[in-house]
Amino acid sequence: MVRRARLLLGTLVEIGSEGGLGLEAAFAELAAVQAALSRFEPGSDIARFNALLAGQWLAVGAHAQAVLAVAALLHAQSEGAFDVALGSGRWRLVDDNRLVKIDANTVLDLGGIAKGYAVDQAVAALQAAGSP
């Protein structure tokens, strides 16, 4: 078993695989998710959304589309108990890739859901590389 650790997603992430199969691909997936979804990465879909004015929108990539679709579903199913908007923000994902800022005070933080998604992506990368 080969194990490696890196600082990603605001924490120390350790990944292990037999013979090191897929380690780099798994770390690359984690880095890609962080680059797309972190509110602290200036070029991420989420940071760019947070900088918008009310009524503006932006096209988001596949990672944001996937996580925001699930976040909207969880928000509805939990009657608002699960909410990726800090405070009383309102947003909408339209046509699967347009993220609309409805309220000027809306700030999204996907920390409560994005890490699990990132791990799923890393596991898929390990499996694609032949790691059991």
message = Need one value: the accessible area of F82 in square angstrom, 1.4 angstrom probe, rounded to the nearest 10.
response = 50
Dipole magnitude of segment 20-132 about its Cα centre (Cβ charges: Lys, Arg +1; Asp, Glu -1), debye to nearest 20 = 240
Accessible area in the full protein assembly, largest first, 1.4 Å probe, for L99, L74 = L74, L99
query = How much accessible surface does R92 have with a 1.4 Å probe, in Å² rounded to 10?
reply = 140
query = In deg cm²/dmol, rounded to 500, what helix-only [θ] at 222 nm does the chain give when every DSSP H run of at least 4 residues adds -39500 (n - 2.57) and the total is split over its residues?
reply = -12500 deg cm²/dmol
ask   = Rounded to the nearest 10 Å², what accessible area does H75 show when all protein chains are kept and the probe is 1.4 Å?
value = 70
query = Taking a probe of 1.4 Å, how large is the accessible area per residue of segment 1-105, in Å²?
reply = 56
Theoretical gain in end-to-end length, Q127 to L12 [0.36 nm per residue, Cα-Cα removed] = 39.3 nm
ask   = Relative contact order for the chain using alpha-carbon pairs under 8 Å, separation at least 6, rounded to a whole percent?
value = 29
request  = Tally up the carbon and sulfur contribution to the accessible surface of segment 1-101 as a whole percent, 1.4 Å probe, everything protein left in place.
outcome  = 54
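The values are calculated or read from the model by the stated rules, or taken from the named source; none is laboratory data. Just so you know, these numbers come straight off a predicted model, no measurement behind them. Cβ: placed from backbone, ideal geometry, glycine included. Neighbour counts: every protein chain shown. For the accessible areas, the whole protein counts, side chains as well, though only heavy atoms, and no ligand, DNA or RNA atoms are used. Shrake-Rupley method; radii C 1.70, N 1.55, O 1.52, S 1.80 Å.
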